[in-house]
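Asker: My questions all concern the structure below.
Rule-based calculations on the coordinates, nothing more; no lab input. Bear in mind that the values here come from a model prediction, so they are computed numbers and not experimental data. Neighbour counts are summed over all protein chains in view; Cβ atoms, including those assigned to glycine, are modelled from backbone coordinates with ideal geometry.
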Amino acid sequence: MPKITRFCNVTVFDGSGRPGFTADVEIDGDRIVSVGPSTGVEAGEFDGTGLALAPGFIDVHTHDDIAVMVDPDHGCKTLQGVTSVVVGNCGMSAAPVSDDPLGFSRYPRLADYLREVESARPAVNVGALVGHGTVRAAVMGLKTDREPNYREREAMIQHVVAALEDGALGMSSGLAYEPGRFAAHDELVDLAEVVAAASGVYTTHMRDEGRDLIASIEESIDVSEATGVALQISHLKASGRDAWGKTAAALAAIDTARERGVDVMADQYPYTRGSTLLEQIVGAGALDGPSAFAHVQPKDLLIAAAPGNPHWEGHTIEAIAADEGVTGREMADRIVEAEGRSCFVIIDSMSEDDVREVIQHPAVMTGSDGVPGGSRPHPRLHHTYPRVLGHYSRDEGLLELADAVHRMTGMCADRFGFEDRGAIRKGAFADLVLFDPNTIIDTGTYTDPTTVPEGIRGVWVNGERVVANGEVTGTRSGRIIRRP
C-alpha cells in the first residue's frame, strides 16, 4: 500500500519564490497529490502550525561523489534539509578513470558509477556532471601542459558524449587546478559545444577568483557565448585581499552578459573562508605571491583533513610550523610531501561585504561546495542551508524567506534539469523539508564543524522520511537523476 502523509496548517514555500501561504499538503507514495486550503488537524497528521514546508534543498555544488556510497545515510546533507546533490564539480568526476586531483575517478564510464551509487541506495537523490579535468587527465595525463592534438581532442569529446549518453547533467571545469589550468579557450569551446547540443549545463571553477577575477568571468562568458551552453559560475567570490570589492564589477559583468542573451548564473556558499587541496595551493605558488588562489599566509590555512597526521587537523600551518621549529612555508611543503592530495585546508580569504553582495544577486543560487573528509571539514558541508535561512535571511534580512528557499530549490531544479523536483505542487516528487523559520540556524564553527543544525523538524526524500527531529532515520530513498 502507498504511504500517505498529510501536513496540515503549514506555511508552504513552494519553491517558486512567491510568498508563503497556509495550506494542507498531502503526499501519497513518492508524489505530492494535493496542495489545498487548510482544513484543520486530525489525529495522526503532521500539525504544521508555526512551521514552514519547503521543497527539499538541492545542493548544486558538492564533492559527494564517493561519500554518498561510503556514508549512504549522508547526514551531513540530509540533517540540513538537502534531498538532492549534484556531484562531479570543479572539473573532477568519478568517471572516466584517470589520475585526478581528488583521486576518485575510478569508473570507466559514468554509467558504471551511477549503477554503483544506485546499489548503495543513498538517502539523497544524486545527479552527476562529467569533469573536464578528469576527461583531460584520462586522455593526456595530469601534468601535460599543452593543447591536445586532433586525436586527443576527439577522444576527449567522445568521453563527454559518453557521459551525456549515460545521463550526465553537463560538464564541469576546474581551471585553477591541474590539469584544467592547462586548457585553452578552443579546448573548452569544443567540449562545451557537445554539452550545449545535449542541453546540458557547463559549470566552472574559474581560472582565477582573485586578482584576475573579472578576466576569468569574461573568459567563462566567452565560452558560453561561443557555444550557447548554459553557464554556471561555481562558488562566485572575490578571494584574497587584493580582490576584495571586485564583486560589484563581477556581478556587473554577469548582468551585462545576461542582458545580451548569455545564459549565465552562479552559485555561492555563505562563508568568508574557502577550502581546497593544500597541494594545489602550494603548486600554484599561492604561498609565494599572487596566484589563482590569491596570496595566502600560513596563518590563514587551517588543516581540515590530514588522514596520515590527524593531529594536524584543526590547527593552522603557522601553529604547526611553530611546534616543529620551521617556517610556515617549509611546513606547507612537508605537509604536502606527507599527505599529497589527501590534505584539505580552510582558507581565510574573503570579505563579509562581498559575501553579502553576492548572496543578494538574482542570478545566484545556493551551493555548499562541501568537501567530506577529516575531523574538521569546512562547516559549509553540514550547515550551508540553515545558515542562509537563519542568519542571512531571518537575522540579517538580506533575502526574503521565499526568495532564499527559491534559490535552493526551484531555481536549482530549473537550472540542472531536475524534472518535478524543487517545487511543492500536485504531481511533484515528495522531496520536502519541514522546519521552524524562527529557530533554524547553523551551529557549526571552523573548529567544531560537524554539529547538527537547529530547526529542521523533518526531511522526506521521494515520500520517505530520512530525518526526524535532528536525527537520521536510516531510511535511504534517494534516486539517480539523469539529464532529461
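Asker: How tilted is helix 328-339 with respect to the longest principal axis of the chain? Cα atoms for both, answer in degrees (0 to 90, nearest 10).
Answerer: Roughly 70 degrees, rounded to the nearest 10.
Asker: Set the Förster distance to 45 Å, then compute FRET efficiency between residue 468 and residue 258 from the Cβ-Cβ distance, nearest 0.05.
Answerer: Details: r = 42 Å, r/R0 = 0.92.
The computed FRET efficiency comes out at 0.60.
Asker: Right, something else. Once you place label points 7 Å from the Cα toward the Cβ at residue 327 and residue 288, how far apart are they in nm?
Answerer: 1.2
Asker: Taking 0.36 nm per intervening residue step and subtracting the Cα-Cα distance, what contour gain separates residue 144 from residue 353 on full extension? Mind showing how you got there, number by number?
Answerer: Numbers: separation 209, 0.36 × 209 = 75.24 nm, distance 3.87 nm.
In short, 71.4 nm is gained.
Asker: Given a Förster distance of 45 Å, report the FRET efficiency between residue 28 and residue 334 from their Cβ-Cβ distance, rounded to the nearest 0.05.
Answerer: Details: r = 59 Å, r/R0 = 1.31.
Taking R0 as 45 Å, the efficiency between residue 28 and residue 334 is 0.15.
Asker: I've got another one for you. Take 154, 45 and order them by how many other Cβ atoms sit within 10 Å, fewest up front. Write down the numbers at each step before the final one.
Answerer: Working: 154 13, 45 16.
Sorted ascending by nearby Cβ count, the order is 154, 45.
Asker: Moving on to the next point. Count the net charge of all other residues whose Cβ sits under 14 Å from the Cβ of residue 374, scoring Lys and Arg as +1 and Asp and Glu as -1.
Answerer: On the way: positive: 341, 376, 380; negative: 71, 313, 339, 448.
Overall, the nearby charge balance is -1.
Asker: Can I ask one more? Among residues other than residue 318 whose Cβ falls under 13 Å from its Cβ, what is the net charge (Lys/Arg +1, Asp/Glu -1)?
Answerer: Values: positive: 299, 329; negative: 300, 323, 324, 330, 348.
So the environment of residue 318 carries a net charge of -3.
Asker: Consider a paramagnetic label point 7 Å from the Cα of residue 106 along Cα→Cβ; state which residues of the range 340-373 have an amide N under 19 Å from it.
Answerer: Only 340-344, 371-373 fall inside the zone, counting backbone N under 19 Å.
Asker: Would you mind ranking 237, 143 so that the residue whose beta carbon has the fewest other beta carbons within 10 Å leads the list?
Answerer: Values: 237 28, 143 10.
The order, fewest Cβ neighbours first, is 143, 237.
Asker: Relative to the present Cα-Cα distance, how much length would full extension add between residue 400 and residue 241 at 0.36 nm per residue of separation? Present the calculation step by step, with values, prior to reporting the outcome.
Answerer: Working: separation 159, 0.36 × 159 = 57.24 nm, distance 2.98 nm.
Difference between extended and current length: 54.3 nm.
Asker: Separate question: Of all DSSP beta bridges located in the chain, what percent are antiparallel, nearest 5? Don't jump to the answer; show the numbers that get you there.
Answerer: Working: 38 of 67 bridges.
Roughly 55 percent of the beta bridges in the chain run antiparallel, per DSSP.
Asker: Which loop-located trypsin sites (Lys or Arg not before Pro) does the range 356-447 contain, where loop means any DSSP state but H, G, I, E or B and the Cβ has at most 13 other Cβ atoms within 10 Å?
Answerer: Values: sites: 356, 380, 387, 394, 407, 415, 421, 425, 426; in loops: 407, 421, 425, 426.
In loop regions of the range 356-447 (DSSP not H, G, I, E or B), the sparsely surrounded trypsin sites (Lys or Arg not before Pro) are 426.
Asker: 222 nm [θ] for the chain, helices only, -39500 (n - 2.57) per DSSP H run of 4+, per residue, to 500? It would help to have the intermediate numbers written out before the result.
Answerer: Numbers: 15 runs with 139 residues, N = 484.
Helices in the chain give a 222 nm mean residue ellipticity of -8000 deg cm²/dmol.
Asker: Looking only at the range 86-100, which residues have a backbone nitrogen under 11 Å from a spot 7 Å from the Cα of residue 420 in the C-beta direction?
Answerer: Nothing falls inside the zone, counting backbone N under 11 Å.
Asker: Within the chain, what is the number of lysine pairs with alpha carbons under 29 Å apart, leaving out pairs fewer than eight places apart on the same chain? Write out the running numbers ahead of the final one.
Answerer: Working: 3/77; 3/426; 77/237; 77/426; 143/237; 237/246; 237/299; 246/299.
Qualifying lysine pairs in the chain: 8.
Asker: Which of 412, 8 has the fewest other C-beta atoms within 10 Å, and how do the rest follow up to the most? If you can, show how the numbers build up before the last one.
Answerer: Values: 412 27, 8 19.
Ranking 412, 8 by Cβ neighbours within 10 Å, fewest first, gives 8, 412.
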